[in-house]
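> Got a structure here, written out as C-alpha cells. Questions coming.
The values are calculated or read from the model by the stated rules, or taken from the named source; none is laboratory data. Since this is a predicted model, take the numbers as computed values, not measurements. In this analysis, Cβ positions are derived from the backbone assuming ideal geometry, glycine residues included, and neighbour counts consider all displayed protein chains. In case anyone asks, the SASA skips ligands and DNA or RNA and just uses the protein heavy atoms, side chains included. Shrake-Rupley method; radii C 1.70, N 1.55, O 1.52, S 1.80 Å.
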Amino acid sequence: DSLLLETGFLAVLVAPLRLLGGGSSAWRPHDTVTFWGVRWLLFRLMFASGVVKLTSRCPTWWGLTALTYHYETQCIPTPGAWLAHQLPMWFQKLSVVATYVIEVAVPLLFFAPLRRLRLFAFYCQVLLQVLIILTGNYNFFNALTIVLALSLLDEEHVGCWLGRPRKRHSSAWPPSLGSVLATLLELSTYGLLLYWTVRYFSLEFNWDKKLLDSKVAFTYHEFTTWLRTVTLPLVGVAFLSLSWEILVAMYRCACTRGCFWKFWATLQWAIMATATMSLFAVSLVPFTYIDHESNGKLWPGIHQMFGAVERFQVVNSYGLFRRMTGVGGRPEVILEGSYDGHSWTEIEFMYKPGNVSAAPAVVAPHQPRLDWQLWFAALGPHQGSPWFSALVLRLLQGQPDVIRLVQTDESQYPFHARPPTFLRAQLYKYWFTSPSEASSGPAPWWRRQHVQEFFPSVSLGDPRLESLLSQHGLKDKPPLRHRADAVLPRFLSSVRRLCQPFSGPTLLWSLYLVAATAGLLRALARRARWGSPPARHKGPRERGERNGVRGTEGARGTEGSRGTEGARPEGRHGNKRKK
C-alpha cells in the first residue's frame, strides 16, 4: 500500500492528466526528469529490500537457506510454490545468491550511462518479479514493480516491442573510439559482477556431487562497514544523475521553436524539476534508514521537510522479507463452529491454507485482506490481533458482509442456514508434502500438526468475548445515518450489490480485460487513421520506372538537357547513376 501511494504521487508528475501538455500525447522536454523520479523509487525499493535481509541478521538469509522455508511459509502460496519447494538444497541456495545480486548489485546499474546496462538491469528485475508471481500471491505488488522498471527503458527499445522499424546504426569499420570504450565498459561491468558474486559467495562446483556449492564469504561487520561507506556516495551519484537530466531537459527547452512555446516549455520544466528535486531530497530520510549513521549526517532541513510531509506517505522506506518466519512450520489459524459445543466443523476460507487436500489458490492481483491478516495473527497470541474478536462476533451474529469475506459462494459456508452457536480457533503447523508422500488416492498438498488452542470457545453474550470487545473498543455502535438524498452512498451500495456474486480476482481480471480491450481498439483505430504513410513525391526517374517506356524517354530527355548545360565526369559515381 505504501508503494502504491508513492507511485500514485509520482504518476501525477509523470502524466498530470495532460494538463501541462495541452491535451497532447507528444513527448515533452521535462519527461526524462519525472521519469528519473520513478527510477529512483525503483532503486530505493530494490536496494533496501536486498540490504535489510543482511542487516536483520536472520540466520536463514545469512545461511542462504531462506528459500527452503519461504515457499511454504509465505502469506498465500501458489501451486508453483509447492513445485519450487521440491528443488534441491544447492539450487535453493543459489537462488538466494541470485536474489542478493539482483536486489543489491544490479540496482546500481539503474543510473549507468550505457543503455545496454540499463536494459540488462531491467530484464533482471522483471525476471525476479515474474518468479515471485509464479510462486506467491502478492496482489498487485509485483506488477507494480514491473511498471516501475519500465523507467529503465527508452523509446527505441519499446518501439521494438511495438513492431516499429529499428533505427539503422552505422556499421563503419573500424569502430569509433567511443563505441569501443562503451563495449569495454559493458564487458568489464559484467565481468566484475560475476567475479564479485563468485568471490563473496564462494561459488564452487563440486565435481563429486555434481552441484554448485555456495556460502556467504563475508561477515556482518564487513557488510555494515561497506554499507556505511557506500550509502552517502550513492546519494551523491543519484544527485549527479538527476542534475544531468535537469540540465539536458533545460537545453531541450531552449531548443524549442517559438518564443511562446519556449516560455511554456521552460515553465513546465521549472515546475517539474523543482518538484522532482524536492521529492528526491525528502526521500533521502527514509532511504538512509538502512544506515543510521548516514541518516544522522543528512542536513537538518531535509529532516524537517520529511517531517512536514511524512503523514501523506509520499515517500516511504522499504524492506521486503526482512526476516524469515515459520522456520519450524507454517502457523495457521483454523476457525471451527458448532451448534452443541461438542461436534465441531472447520470453516474453510477461500484463499488461505486450511484443507490439506485443497490446492493453493491463485488470487493475484487481488488482495484478500482477511486471509492475509490471519497469517499475521497466527504469528502471535490472539491478543495481538484485536480485530479477531470482532471477526468471531460477526460470524456468531451471521452478518452477511463478513461471511462473504470468508466465502463468496455462501453455499460453501458450513453455517449458511443459521449462524453457529459456538466458535473457537485452533493453531496448527503446516508443511508442504513431498512427492514421496503421495498415496493411491489424491495426493494432499499439505500435512499439518495441531499445536494449541488459539481462541477459546465462545458464544454470543459470553463474558470473555464481551471483555475482549470492550477492552479494544469494539462493542457494537449505532450505525451512521446518511441523508436520504445522498447520491454517493446509494450508488456505492448499488455497485456492491452487483459485485456480490463474484470473487475479487474475477472482478479485477474483468476490469483489466476491459481496459486492455479498450486500449487495443483505440490503438487499432489510430493505426487505421494514421497507419498508411503519406505518398512520397516521386522524382523523374521513379516516375519513369512506374510509367514504363514513356517515362524512360522523359528521363533520358532530362539527362540530355543536363548534358547540354555541362558534361559531368564519368566514373564510378557516374556509372552508378546510369545504372
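> If you go through the range 84-112 one residue at a time, how many are touching a residue at least 12 places away in the same chain (Cβ under 8 Å), assigned to a loop (DSSP other than H, G, I, E, B) and open to solvent by 50 Å² or more (accessible area, probe 1.4 Å)?
Residues that pass the stated criteria total 2.
> In the range 165-183, which residue that is at pLDDT 75 or above and in a loop (DSSP other than H, G, I, E, B) is surrounded by the most Cβ atoms within 10 Å (Cβ to Cβ)?
Here is the first cut: in the range 165-183, the ones at pLDDT 75 or above are 175-183.
Next, only the ones that are in a loop (DSSP other than H, G, I, E, B) stay: 175-176.
Values: 175: 12, 176: 10.
Among those that are at pLDDT 75 or above and in a loop (DSSP other than H, G, I, E, B), it is 175.
> So which of 436, 389, 411, 343 is part of a helix (DSSP H, G or I), open to solvent by 40 Å² or more (accessible area, probe 1.4 Å) and either in contact with a strand residue (DSSP E or B) (Cβ under 8 Å, 6 or more places away or on another chain) or farther than 27 Å from residue 87 by Cα (or both)?
411 is the lone residue from the list that is part of a helix (DSSP H, G or I), open to solvent by 40 Å² or more (accessible area, probe 1.4 Å) and either in contact with a strand residue (DSSP E or B) (Cβ under 8 Å, 6 or more places away or on another chain) or farther than 27 Å from residue 87 by Cα (or both).
> Sort out which residues of the range 273-288 are of a type in the set (A, V, I, L, M) and touching a residue at least 40 places away in the same chain (Cβ under 8 Å), and write them in order of number.
Answer for the range 273-288, where residues must be of a type in the set (A, V, I, L, M) and touching a residue at least 40 places away in the same chain (Cβ under 8 Å): 273, 275, 279, 284.
> Sticking with this one: If we only count helices (runs of 4 or more DSSP H) wholly inside the range 113-164, which ones have 1 or more residues that are modelled with pLDDT of 95 or more, surrounded by fewer than 19 Cβ atoms within 10 Å (Cβ to Cβ) and hydroxyl-bearing (Ser, Thr, Tyr)?
It comes to 115-135.
> Any residue at all in the range 229-238 that's of a type in the set (Gly, Ala, Ser) and modelled with pLDDT of 95 or more?
Yes, the range 229-238 has at least one match.
> For the range 253-269, give me each residue that is surrounded by fewer than 14 Cβ atoms within 10 Å (Cβ to Cβ) and hydrophobic (A, V, I, L, M, F, W, C). Before the answer, list the steps.
Restricting attention to the range 253-269, the residues satisfying the condition of being surrounded by fewer than 14 Cβ atoms within 10 Å (Cβ to Cβ) are 254-255, 257-261, 263, 267.
Correct list: 254, 255, 259, 260, 261, 263, 267.
> Would you pick out the residues in the range 203-251 that are open to solvent by 40 Å² or more (accessible area, probe 1.4 Å) and of a type in the set (S, T, N, Q)?
Passing the criteria: 219, 225, 229.
> In addition: Can you go through 277, 350, 305, 324 and tell me which one is closer than 30 Å to residue 410 by Cα and open to solvent by 20 Å² or more (accessible area, probe 1.4 Å)?
From the options 277, 350, 305, 324, the qualifying one is 350.
> Would you say residue 263 is out of contact with any Cys (no Cβ under 8 Å at 6 or more places or on another chain), assigned by the TED database to the domain that holds residue 287 and closer than 21 Å to residue 100 by Cβ?
Judged against the criteria, residue 263 is not a match.
> Condition (residue is over 21 Å from residue 74 (Cβ atoms), open to solvent by 70 Å² or more (accessible area, probe 1.4 Å) and not aliphatic (A, V, I, L, M)) applied to the range 363-380: is it met by at least one residue?
Among the residues of the range 363-380, not one is over 21 Å from residue 74 (Cβ atoms), open to solvent by 70 Å² or more (accessible area, probe 1.4 Å) and not aliphatic (A, V, I, L, M), which makes the answer no.
> Evaluate the following for residue 324: is it touching a residue at least 60 places away in the same chain (Cβ under 8 Å) and more than 26 Å from residue 405 (Cα to Cα)?
yes
> I've got another one for you. Considering only residues that are within 24 Å of residue 376 (Cβ to Cβ) and not hydrophobic (A, V, I, L, M, F, W, C), look in the range 421-433 and name the one that is least open to solvent (accessible area, probe 1.4 Å).
The extreme case among them is 430.
> Still on this model: For the range 462-579, which fully contained helices (runs of 4 or more DSSP H) count at least 2 residues that are open to solvent by 100 Å² or more (accessible area, probe 1.4 Å) and at pLDDT below 85?
Details: elements: 463-471, 487-499, 504-530, 540-547, 549-565, 572-578.
In the range 462-579, the matching helices (runs of 4 or more DSSP H) lie at 504-530, 540-547, 549-565, 572-578.
> Test residue 449 against the criterion of being polar (S, T, N, Q) and part of a strand (DSSP E or B), and give yes or no.
On the way: polar (S, T, N, Q): yes; part of a strand (DSSP E or B): yes.
Judged against the criteria, residue 449 is a match.
> If you don't mind, another one. Residues of the range 184-202 being open to solvent by 50 Å² or more (accessible area, probe 1.4 Å), under 29 Å from residue 289 (Cα atoms), in contact (Cβ under 8 Å) with a residue 12 or more places away in the chain and not charged (D, E, K, R), which ones?
196, 200
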